[in-house]
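The values are calculated or read from the model by the stated rules, or taken from the named source; none is laboratory data. On a predicted model such as this, the values are computed, not experimentally measured, just so you know. Methodologically, a virtual Cβ is constructed for each residue, glycine included, from the backbone with ideal geometry; neighbour enumeration extends over all protein chains shown.
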Amino acid sequence: MRVIRTAGLSAAAIGDARVVVLANVARLTPKQLVDVQSFVRDGGGLLIFPGDKVDVKWYNETLHAAGLLPAPLTELADLSREPEPFTRIRAQRFEHPPLNLFNDPRNGTPAEAEITQWYRTLAQPDNPLVRMHALLESGDPFLLEKRFNEGRVFFCATTCDEAWNNLPGRPFFVPLAQRLCTYLGVVTIPAAQPWRGQLGGGVLSRRNASAKRRRCATRRAKSLS
């Protein structure tokens, strides 16, 4: 995995990566947006985590309009001053490949996570390209997926660091992040197949429909300013 500043994100920087992660990125330039849009359209994966730098207007009016945000953002929920200062991921049976590993509690329990802040999203019940894979106890989506041509986009409602939650300290979080990236960067993960090994350990590239195996690399564009 390579971490780059937002300003350095480009088609050349993405290279042969299979997945791009936008972690608390305020906005992209028009050229960067075109590069990321082309990357996903051609079969790449995009994983989006919000944060305090996110320009909500740009996300809704530009990123969503470009097809790269599964649902518009509505408001930032904040329970930090409430008597119970967090919500949790709703306990449920997961059917989606990146999540079904956690139907066995020995692999970690997402419902143990505490989430203080998250972005609420506008429901998309009539959009067949958008799927909701996990809910918060508040009733808000935690993980949304959207198909975009040959690629896919995942949006997580909260941060990937400890700014708004305690996810990084929970045993399930690293396997979840690995499985999300693997799902986004490969053709399929069989539903009954558990996660084994490190990210990108001999996976099938979605761009190459033959049996040729490729390295699954990631690029993480993070605003460090």
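Condition check ((1) over 16 Å from F172 (Cβ atoms); (2) in a loop (DSSP other than H, G, I, E, B); (3) touching a His at 6+ places or on another chain (Cβ under 8 Å)) across all residues:
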| position | (1), (2), (3) |
| --- | --- |
| R120 | yes, no, no |
| D126 | yes, yes, no |
| S138 | yes, yes, no |
| L144 | yes, no, yes |
| R152 | yes, no, no |
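Given the condition at pLDDT below 50 and crowded, with 18+ Cβ neighbours inside 10 Å, answer yes or no: does some residue in region 177-194 qualify?
We begin by selecting, within region 177-194, every residue at pLDDT below 50; these are 187-194.
Checking the rest, the ones that are also crowded, with 18+ Cβ neighbours inside 10 Å come to 189.
Scanning region 177-194, I find at least one residue that is at pLDDT below 50 and crowded, with 18+ Cβ neighbours inside 10 Å, so the answer is yes.
For region 65-87, filtered to residues that are surrounded by 12 or more Cβ atoms within 10 Å (Cβ to Cβ) and of a type in the set (S, T, N, Q), the residue that is farthest from G151 (Cα to Cα) is T87.
Taken over region 1-11, residues that are part of a loop (DSSP other than H, G, I, E, B) and either at pLDDT below 95 or closer than 14 Å to F148 by Cβ (or both) amount to 1. Looking across region 71-123, the residues that are among the basic types (K, R) and within 20 Å of G51 (Cα to Cα) come down to R81, R88, R120. The strands (runs of 3 or more DSSP E) falling completely within region 12-105 that include 2 or more residues that are out of contact with any Cys (no Cβ under 8 Å at 6 or more places or on another chain) and charged (D, E, K, R) map to 73-78.
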